[in-house]
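Data first, discussion second: the structure below is written as structure tokens.
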Protein chains: 2
Amino acid sequence: MIACCRSLRHSFLFASFIACGRLFFASERGLQEILSSEASSIQDLLGILPRKRQGSNMTLALMPIPWQVSFTKDDPFLLDTDFYIELPENDNSDERLLRAAKRFLRRLSGRTGLFFESNSPAYGKNETPSFFQWNKKSPVLKIRCGRRGDETKLKEDESYSIEIATAQIMLEAETDLGILHGLETLLQLLSVDPFRQSYSWPTGSIHDKPRFPWRGLLIDASRHFMPVDVIQRNIDAMAAVKLNVLHWHLTDDQGFRIESKEFPKLHELGSAGHYYKQNEITYIVAYAADRGIRVIPEFDLPGHATSWLVGYPELGSAPGPYELSPYWGISEHVMDPTKDALYSFLETFLHEMTTLFPDPFVHMGGDEVKINEWNESATIQQYMLDHNISNAHELQAYFNNRVASILEKEGKIMIGWDEILHPNMPKNIVIQSWRGHDSMIQAGQQGYRSILSNGYYIDLCLSAETHYQNDPLPLDVNLTREEQELVLGGEATMWSEFVSPETIDSRIWPRTAAIAERLWSPQNVSDTHDMYRRLDIVSYQLEEHGLTYIKNYEMMLRRLVQGSDISALKNLVDVLEPVPGYERGQQLGYTTFSPLTRVVDAARPDAPVARRFRFLVEEFLQSSPTDRADTNRSAYVEIVECLSLWRDNHGKLSTSIERFPILQEVQQLSVDLADVAVIGLKAVERLRSMNKRIHFSNAERRSLNRARKAHGQTFLAVAYDIRLLTLEKIP
Amino acid sequence: MIACCRSLRHSFLFASFIACGRLFFASERGLQEILSSEASSIQDLLGILPRKRQGSNMTLALMPIPWQVSFTKDDPFLLDTDFYIELPENDNSDERLLRAAKRFLRRLSGRTGLFFESNSPAYGKNETPSFFQWNKKSPVLKIRCGRRGDETKLKEDESYSIEIATAQIMLEAETDLGILHGLETLLQLLSVDPFRQSYSWPTGSIHDKPRFPWRGLLIDASRHFMPVDVIQRNIDAMAAVKLNVLHWHLTDDQGFRIESKEFPKLHELGSAGHYYKQNEITYIVAYAADRGIRVIPEFDLPGHATSWLVGYPELGSAPGPYELSPYWGISEHVMDPTKDALYSFLETFLHEMTTLFPDPFVHMGGDEVKINEWNESATIQQYMLDHNISNAHELQAYFNNRVASILEKEGKIMIGWDEILHPNMPKNIVIQSWRGHDSMIQAGQQGYRSILSNGYYIDLCLSAETHYQNDPLPLDVNLTREEQELVLGGEATMWSEFVSPETIDSRIWPRTAAIAERLWSPQNVSDTHDMYRRLDIVSYQLEEHGLTYIKNYEMMLRRLVQGSDISALKNLVDVLEPVPGYERGQQLGYTTFSPLTRVVDAARPDAPVARRFRFLVEEFLQSSPTDRADTNRSAYVEIVECLSLWRDNHGKLSTSIERFPILQEVQQLSVDLADVAVIGLKAVERLRSMNKRIHFSNAERRSLNRARKAHGQTFLAVAYDIRLLTLEKIP
């Protein structure tokens, strides 16, 4: 199926030219200015993509799209083995820049197979790398930057500019954080010059800066523990799409995932042995900083806290004892905010933790606090009476206030989920909005800074488009310009109830790249078709960081059929998506031990084949009756190819389904796919031939409806589009 | 291509029955005994594979093949959600057994998708797992073992036995090491019962024990550093095929890869930042021990030692200073064995290291010591004169002797490469034979214990068959029975000049599973066809440990064509293999920085499609003229399918080759494949039609010869077989 649909890309080429136009509209100089200067058509303007070079269509795959881009028609910068990097003169103290430049060289070498003569960057003009004396006319990437950026400083300068000439590239930035971003842009821009048989960069210039200073990804390591290598490769991928905050959800009901030397029973009794040692934390924080990424730990309190109470039941609101929960959902167990011992515990604990995380922000959770235990506890109720605390929300505000002041003593600023919003809270805290945009607006109006996560819940298996169109500050947002400044950015949230180290990458990527663009690029960069076009390209590039979201797909299919032929199964799962939303958690009695190896786990949101089929259907339906009648047009041909493949697939897959019990739950989907494919073929034939006498029977309509039902927690992502084909009116 | 050849497996089914017969010949009871009892044919005998159940042909994929296996015709043991494991009563002190049983449950659940009600094993009859009360009639795996095995003790009891009845499985062993092996056997034996729509185990019994006590894999982490997760997943895979020694090559000219607190300049200056911290070493040693695997560190001395000298030049034979070598091959730099300071250094260093590695054996290298620096040093020459040391070999023996006695003081035993064999060495040391079987024989005759690595050099990209047929003790070996006892086993050696963390798995697996069988199974288990049949099945099972050797293949192809369609490239690389042997190192000026991302790195030894084509050709050529003339026979059909695909492939691939410079080096191979495919089709037609008038032109013969030449350090693995088709005489 992939092969059958892959040739589509060409048919979208023109569409993508248009879409790329937005890139220029988005720039400060604007399309008109460029058009009026030297280029006379969009094709000419793009320069790198004149008709004769359409083969190199990977060139325009920048993601996030930079603030301002323009290309010239000069000969490209050709990459060869004598390519070298020149770092700022006499600045060999900045190890981060040096390491980044080395990684850049390795990745460049890995993609091109070139054996560079210079394997280390050189410094300025007077020094030479150790193993060779290069030709002074060799192609050079010169890097100039003012100073080492402070990645823990919010709103640190991340801007950069690139000038690519035929003979040299100049990458400049105020800080090395900008240089890190510029190097990623260059790697995305690497092209092929088929006429010169060489890898190359198009000449031109890029000026770039982020729209929002806070562009984050939350990884929940509590529900399912994620080993260091999972975090590491995701940090690399974050850097590749210019995200700059890793929000590390370290504690929850199901697990306490960080070693505490002060209170060892936290990780010893609260983690079933799966936790990060402190040196691993330090390693990851340094690894992230090296890539310009801040690490914000989250210690979720006073709810979501069972794992703390297993070792330290005296902190809880109920008498205990407590057990780690193997179930999902929110536990009843909460801390007792009326105990002074809790605060002295937290003082010691947070002092220990803040030494591990240099960032000034610390996330204290605060979401979904169940109040039953507070209501049931006589001492808590008495305390509330004595202290004039009128209800549970006030009690939580009292708790949050005390936590915020503990953090303040450590020189740290508190972040919390939107439940912590309360007039009594100090104004320097940050609100993370998850329940809706409203809380973000309220926070802004009350003078609080905020981060948006509502709409970026990637664990819900929605489409990239959904997240992409979720702008933190839409044009009609009800905030003054000053209040808008308080919206720092956003975070994708990878909650881990239904992901294992094996599948997590496929839930984070590639969709998070679309969120990264939303948070970095200008607001008017919002064309979904072009986003998907670029996402497909950036997607394979991200694989170089070891991400498993493409390669684990077939591996999981192989396991489902125990190593036998996967082709028929793949045809089905290629068009299945996990049921979106929270439904999954309400079925089958999932626990922390449940296998995440079934069809639903192999299936991916935004299933690429289904997405391509959707584009095809759109294109076909938008075409004129004459065009529809033309059986040589690619959309028609490919729709028929897809439908024919699906029509015949159940015959091939049924043997595997009978043989492997694990596949029985998708049997109905396999039957449904064949059924609707037959109906789809009839619908296409009806539209092609404009034959008004072709009608759909009630049985066919029932099939179309049945095919939209979920089985095995997955649904047929193409059923909707096939139904569209049947609903189209003949003029 | 894979799809076209995959259906072959069925045509080999009968062959594999015969081959499986060997399994019984190999057993102590023997085939005859079983045949005479209840079974009347091989099919009947196998029980689990009667004709009506041929669908479940994954059942007989045990690797290594156990010492003794027999199956009965009883109803299978059916796996269901109420399955549970019962550990030895009142033995909840043995955490290793408990952890192993839990891992077993997770893997079982992962493969079957079953949500087991009992997620933890229970102890004996009186205890219940915490989350549910199971039905006493539930299917149970009972585990009984005498004691915790000492994995650091050579020749510790690793035997086990399994009795599978319809209602329960009993796994028994003297030590938990045997239990670990038995659990892996059960996982390999997991089957599907298509009539009952259930996962199942066939009823029968297995009695098993290893042929050799030392079954190792060497991983060289010096030439290319291998992060902890690489080591970890390979340990898991080793355990799955019953290997029990990880030989960790930690130091060499190109890198010193272990932290030393005593001599920090070793790792600080000798590793370019890539080394294992001591807590990582401790973690890996414990991780391996948990899986019954010993970890033997290697500190290679007095040659291969440049990385030591960068930080501590005073230990060297030359004045220094020294630099880490980015080049392969053996450095001239060697330690100075005449300096007392060297031995006090080693005393302190080895004391530190031996606390990290509990195993009694420590590998001190000793291979390929270059003597130029010794010859050129006046003080060394004088020392040799003064101490009556007649030549360099004697000087090395003097050094080795002193090192062995330092180790002895630490309670450790020295291992070394075969160069250390010298009459003056203490008799307890172990010789690792790499230059030939001869040194193993000599060692045995002189009373030394030995390990064989000659013939197991997996870095040379030879076929699994080559290694499989390399018996440490062939029937005609020139050693007495007592001397044979001194041959402890063998080790596959993964030298890492040409592997990165991305590719190393594809050089280790699946071929190392064949070596594992050679070292575990009875000597007469040696049928190559059946080995390959089982290897294909075990191969996909090994993926569950996160090994990347199947899934990184297409990822690497995607990178070569920058995310565009890989199908034509895959058709070519499917039949390419890396040039075997040492040739690669002599080309292109490889250094530690060179990319390992080209076609040769994606290509795999024993290329599966090429191997299947070879079997097809063998089958076709062995068939009678009448059979050859039958165009419906599968071998004929599939040979023609393969050849037609290859004939037409260059047309499709040439566009990619023109576009991506990295592919230009295989252009000739793509042309050659098309050329010889045409000739191959002619040859098959000639043999089918018995048409003696069909001849091959000189140009065709030249094509056949040209197609056997390497390009881009790879060669067409099917060229030889196609030539065979042309050489076959018509009777």
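The values are calculated or read from the model by the stated rules, or taken from the named source; none is laboratory data. Note that the structure is predicted; figures quoted are calculated from it, not measured. Reconstructed Cβ throughout: ideal geometry from the backbone, glycine too, with neighbour counts over all protein chains shown. All accessible areas refer to the heavy atoms of the entire protein, side chains included, with ligands and DNA or RNA removed. Shrake-Rupley method; radii C 1.70, N 1.55, O 1.52, S 1.80 Å.
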| note | Those residues of the range B:695-724 that are under 32 Å from the mean Cα position of the chain (by Cα) and either among the hydrophobic types (A, V, I, L, M, F, W, C) or open to solvent by 20 Å² or more (accessible area, probe 1.4 Å) (or both) come to a total of 14
| field | Selection count, the range A:555-564, where residues are at the interface with another protein chain (Cβ under 7 Å from one of its Cβ atoms) and modelled with pLDDT of 95 or more | value | 3
| Across the range B:572-585, which residue is farthest from the other protein chains (Cβ to nearest Cβ) among those that are in contact with a helix residue (DSSP H, G or I) (Cβ under 6 Å, 6 or more places away or on another chain) and among the β-branched types (Val, Ile, Thr)? | B:Val575
| message | Just to verify a result, which residue in the range A:183-192, among those that are among the polar types (S, T, N, Q) and modelled with pLDDT of 95 or more, is nearest to A:Val538 (Cα to Cα)? | response | A:Gln188
| query | Which of the residues belonging to the range B:353-380 are assigned to a helix (DSSP H, G or I), touching a residue at least 40 places away in the same chain (Cβ under 8 Å) and under 31 Å from the mean Cα position of the chain (by Cα)? | reply | B:Met353, B:Thr354, B:Leu356
| Unique residue being out of contact with any Asp or Glu (no Cβ under 7 Å at 6 or more places or on another chain), modelled with pLDDT of 95 or more and within 14 Å of chain A (Cβ to nearest Cβ) when the list is B:Phe263, B:Phe225, B:Phe212, B:Phe195 | B:Phe225
| query | Among (1) free of Cβ contacts under 8 Å to residues at least 24 places away in the same chain; (2) more than 30 Å from B:Lys153 (Cα to Cα), where does B:Ser344 come up short? | reply | (2)
| request: Only residues in the range B:645-657 that are touching a residue at least 12 places away in the same chain (Cβ under 8 Å) count as the first member; pair them with residues that are open to solvent by 20 Å² or more (accessible area, probe 1.4 Å) and hydrophobic (A, V, I, L, M, F, W, C), Cβ under 8 angstrom, at least 6 apart or cross-chain, and list the lot. | output: B:Leu645/B:Met1; B:Leu645/B:Cys4; B:Arg647/B:Val678; B:Arg647/B:Leu681; B:His650/B:Val671
| query | Which residues, taken from the range B:291-322, are modelled with pLDDT of 95 or more and either surrounded by fewer than 17 Cβ atoms within 10 Å (Cβ to Cβ) or assigned to a helix (DSSP H, G or I) (or both)? | reply | B:Thr306, B:Ser307, B:Trp308, B:Leu309, B:Val310, B:Gly311, B:Pro313, B:Glu314, B:Leu315, B:Pro321
| field | Residue satisfying condition, being surrounded by 23 or more Cβ atoms within 10 Å (Cβ to Cβ), more than 10 Å from chain A (Cβ to nearest Cβ) and hydrophobic (A, V, I, L, M, F, W, C), within set B:Leu569, B:Leu547 | value | B:Leu569
| query | Which pairs do you get when a residue that is modelled with pLDDT under 95, found in the range A:658-685, comes within reach of a residue that is surrounded by fewer than 21 Cβ atoms within 10 Å (Cβ to Cβ) and in a helix (DSSP H, G or I), reach meaning Cβ atoms under 9 angstrom, with the pair 6+ apart or on two chains? | reply | A:Glu658/A:Gln664; A:Glu658/A:Gln667; A:Glu658/B:Gly55; A:Arg659/B:Gly55; A:Arg659/B:Ser56
| note | Per the filter on the range B:586-608, residues away from chain A (no Cβ under 14 Å) and in contact with an Asp or Glu (Cβ under 8 Å, 6 or more places away or on another chain) are B:Arg604, B:Pro605, B:Asp606, B:Ala607
| task | Go through the range B:655-694 and give me each residue that's within 12 Å of chain A (Cβ to nearest Cβ) and open to solvent by less than 50 Å² (accessible area, probe 1.4 Å). | result | B:Ser656, B:Ile657, B:Phe660, B:Pro661, B:Ile662, B:Leu663, B:Val666
| request: Quickly run through the range B:303-316 and pick out the residues that are more than 10 Å from B:Asp252 (Cα to Cα) and either of a type outside the set (Asp, Glu) or in contact with a Ser or Thr (Cβ under 7 Å, 6 or more places away or on another chain) (or both). | output: B:Leu309, B:Val310, B:Gly311, B:Tyr312, B:Pro313, B:Leu315, B:Gly316
| field | Complete set of residues in the range B:205-222 that are in contact with a strand residue (DSSP E or B) (Cβ under 7 Å, 6 or more places away or on another chain) and surrounded by fewer than 21 Cβ atoms within 10 Å (Cβ to Cβ) | value | B:Ser205, B:His207, B:Phe212, B:Pro213
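For (1) over 30 Å from B:Ile380 (Cβ atoms); (2) open to solvent by less than 40 Å² (accessible area, probe 1.4 Å), each residue gets a yes or a no:
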| site | (1), (2) |
| --- | --- |
| B:Glu410 | no, no |
| B:Gly436 | no, yes |
| B:Tyr448 | no, yes |
| B:Tyr468 | yes, yes |
| B:Met494 | yes, yes |
| query | Restricting to the range B:165-180, what's the tally of residues that are within 16 Å of B:Leu62 (Cβ to Cβ) and open to solvent by 10 Å² or more (accessible area, probe 1.4 Å)? | reply | 1
| query | Does A:Arg534 satisfy being within 14 Å of chain B (Cβ to nearest Cβ), over 26 Å from A:Gly110 (Cα atoms) and either open to solvent by 10 Å² or more (accessible area, probe 1.4 Å) or within 16 Å of the chain's Cα centre (by Cα) (or both)? | reply | no
| request: Taking the options A:Glu638, A:Glu618, name whichever one is out of contact with any Gly (no Cβ under 7 Å at 6 or more places or on another chain), more than 26 Å from B:Pro194 (Cα to Cα), loosely packed, with under 15 Cβ neighbours inside 10 Å and modelled with pLDDT of 95 or more. | output: A:Glu618
